[in-house]
Structures are given as C-alpha cells and as structure tokens.
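The values are calculated or read from the model by the stated rules, or taken from the named source; none is laboratory data. Given the structure is predicted, the values throughout are model-derived calculations rather than measurements. No Cβ is skipped: glycine too gets one built from the backbone with ideal geometry, and neighbour counts run over all protein chains shown.
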Amino acid sequence: MFVKIFTLAILFFSYPSNSQTSVDELFSQGLKNYQGGKFEDAENQFQQALLQQPNNTSLLYNLGLAEYKLGKVGPALAFWRKALVLDPSLVDARDAISFATSKLEHKELPHQVMLLETLQTSYLQWVSLNQMLFLFALCFFSLGWIGINYLGRRKSALESEMPTPTLPIKFFIFAIAFAFTAFLVGAKLIETTTSRATVLPKTLEVRAGPDTAQATLFELYEGLEVLVDDVQNDWLRVTYPGGRSGWVPSSSVQITK
C-alpha cells in the first residue's frame, strides 16, 4: 500500500496557493526523505507545508504515511480521514484507512448498532454530498418525466373514450429509488454536520466531567473515531458511536471534520 507515495504528487502541484513555491519545496523534500527512510524529517516537512495549506489532500495523505511509519497510528488515521472528508474519491486514503484499521489492537468497542452510523462507515463517507444530490435529482426528474408522460397518455385515452393505461413498472422503480436517495441525502446532510475526531494516544481515559479529578467512565484506544458533542475550555465531550459519552482533553484527539 505504501509504495503509492507518489500517487498524489500530480494533484498536489495543481493545488492553488499564494505560497505555492515554498510548499512545493517542502513537499518535494518530504517525499525525498520519506523514500530515503528519514521519516521524522519527512513528517516535519509535511507538517510545515500543511500549516500553509491545511486542506491539501496530498499533504494530508503523505503526512499520514510518514506518521504510520513512525508508529503513530492515531495521527496517521486522523490525517487520512480528514483527506477523505475533503475528497471522498481519494482511493489511496480509503485503502490506507482500511489497512491501518485492520491492524489496530482495538478495532472497536461494545456498542449499539445504529443505522446512520452503519451507513456512514459503509457508504456515506465514500461519496460526496454533490454526488448524492446528483443521484437524487436524477431520480426526481426521471420520476417526474414518467409521471407526466403517463398523465398525457391517460388524458388522451379519456378523450378518445379508450381504456386508461396502467402505470408503468418503471414508475414504481423510480419512486422507490427517489425515496431511497431522498433518505440518503438526508443522512448525508446529518453526517456532514457531525463533528468527528480520532483518538491519538494508545489508551485514553474518558471522564465524567471536564477535569482530571473526575471519575474515569471508560477507555478509548488509539485510532478509534468518536463524535464530538461539546467543547469546554481544553476539553471535549465525545461519544463513541452507539456507545457511551464522556470528556477528554482536546489535545488527546484530532478533529477530522
């Protein structure tokens, strides 16, 4: 998987910025150091470049590779997840997430299976809202065209005192597709407004309140993804999807969307 280091390089150089020259240099140096096994230097250069272009998916992807090589699985997953949020079609980031997640010691915690979360992990995160809206519009206009065509034929049949035609099967097919895509668009809108974060340390204590003196409720583990519900000073209230909630230091997780 990690031999794809140059896959996103072409996309990177087309990324507009007022600081393009310096970022290009940092990116090139980072690639060179990564190939040379100097992962700490590569990490540093990618991070410097990312300060100037925080939403550059090529930088996020390659920084994730460097972090993974340094054994920092949590940060690696966080960078890849953010890259995928910015560009759901980024196959390399998707593959990297699948690979790294499969190697986690704790892949998940006991939780209640939720429909929206199942959709998010299996489908919604791989497609953009624009793609979902396109499918919705396609079903809507197809359904409308079939309906208008049917009403025209029905009107003609009534005027000619002929038997009225039955609704075509494709009308029902597109009606079902329209309802399904409408549901998916709604789910995607909810998903896009939900803030998520990735756990960075190997083990993270989740507390009853935003203070280290509060009781520990349960533990989260490196690489797990959580929902961010609230912010209070340097603490975040997080929820493990379908599971429990509690407070963690904001420095212990990395916001991915």
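Checked against (1) touching a residue at least 40 places away in the same chain (Cβ under 8 Å); (2) surrounded by 16 or more Cβ atoms within 10 Å (Cβ to Cβ), Ala177 meets all criteria but (1).
Within region 245-257, being buried (at least 17 other Cβ atoms within 10 Å of the Cβ), in a strand (DSSP E or B) and either in contact with a Cys (Cβ under 8 Å, 6 or more places away or on another chain) or among the polar types (S, T, N, Q) (or both) holds for one residue alone: Gln254. Kindly evaluate Thr193 against the criterion of being touching a strand residue (DSSP E or B) at 6+ places or on another chain (Cβ under 6 Å) and surrounded by fewer than 18 Cβ atoms within 10 Å (Cβ to Cβ). Taking the combined requirement at face value, the residue does not satisfy it. Against the condition buried (at least 17 other Cβ atoms within 10 Å of the Cβ) and at pLDDT 90 or above, how does Val91 come out, does it pass? Spelling it out, it is not the case that Val91 is buried (at least 17 other Cβ atoms within 10 Å of the Cβ) and at pLDDT 90 or above.
Is it the case that Ser98 is among the hydroxyl-bearing types (Ser, Thr, Tyr), surrounded by fewer than 24 Cβ atoms within 10 Å (Cβ to Cβ) and out of contact with any Asp or Glu (no Cβ under 9 Å at 6 or more places or on another chain)?
So Ser98 passes the test.
With respect to Lys107, determine if the residue is basic (Lys, Arg), at pLDDT below 90 and under 30 Å from Gly242 (Cβ atoms).
yes
Kindly establish whether Tyr61 is within 27 Å of Lys202 (Cβ to Cβ) and buried (at least 24 other Cβ atoms within 10 Å of the Cβ). Spelling it out, Tyr61 is indeed within 27 Å of Lys202 (Cβ to Cβ) and buried (at least 24 other Cβ atoms within 10 Å of the Cβ).
Please go through region 78-126 and pick out each residue that is of a type in the set (A, V, I, L, M, F, W, C) and under 14 Å from Glu191 (Cα atoms).
Answer for region 78-126, where residues must be of a type in the set (A, V, I, L, M, F, W, C) and under 14 Å from Glu191 (Cα atoms): Leu84, Val85, Leu86, Met114, Leu115, Leu116, Leu119, Leu124, Trp126.
A single member of Gly223, Gly242, Gly186 is surrounded by fewer than 14 Cβ atoms within 10 Å (Cβ to Cβ), of a type outside the set (Ser, Thr, Tyr), under 19 Å from the mean Cα position of the chain (by Cα) and not assigned by TED's automatic domain parsing to the domain that holds Val85, and it is Gly186. Of the numbered criteria (1) in the same structural domain as Phe174 (by TED's automatic domain parsing); (2) under 22 Å from Ser195 (Cα atoms); (3) of a type outside the set (A, V, I, L, M, F, W, C), the one Gly144 fails is (2). Leu77 meets all of the listed conditions (1) surrounded by fewer than 21 Cβ atoms within 10 Å (Cβ to Cβ); (2) touching a strand residue (DSSP E or B) at 6+ places or on another chain (Cβ under 7 Å) but one, namely (1). Restricting region 114-158 to residues that are among the aromatic types (Phe, Trp, Tyr) and surrounded by fewer than 15 Cβ atoms within 10 Å (Cβ to Cβ), the residue that is nearest to the chain's Cα centre (by Cα) is Tyr123. Scanning region 213-243 for residues that are within 27 Å of Ala76 (Cβ to Cβ) and outside any strand (DSSP E or B) turns up Glu222, Gly223, Leu224, Asp234, Tyr240, Pro241, Gly242, Gly243.
In region 159-189, the qualifying residues are those that are farther than 15 Å from Phe136 by Cβ and in a helix (DSSP H, G or I), and the one that is modelled with the lowest pLDDT is Glu159. Taking the stated definitions as given, is Ala49 closer than 25 Å to Pro201 by Cα and modelled with pLDDT under 95? So Ala49 passes the test.
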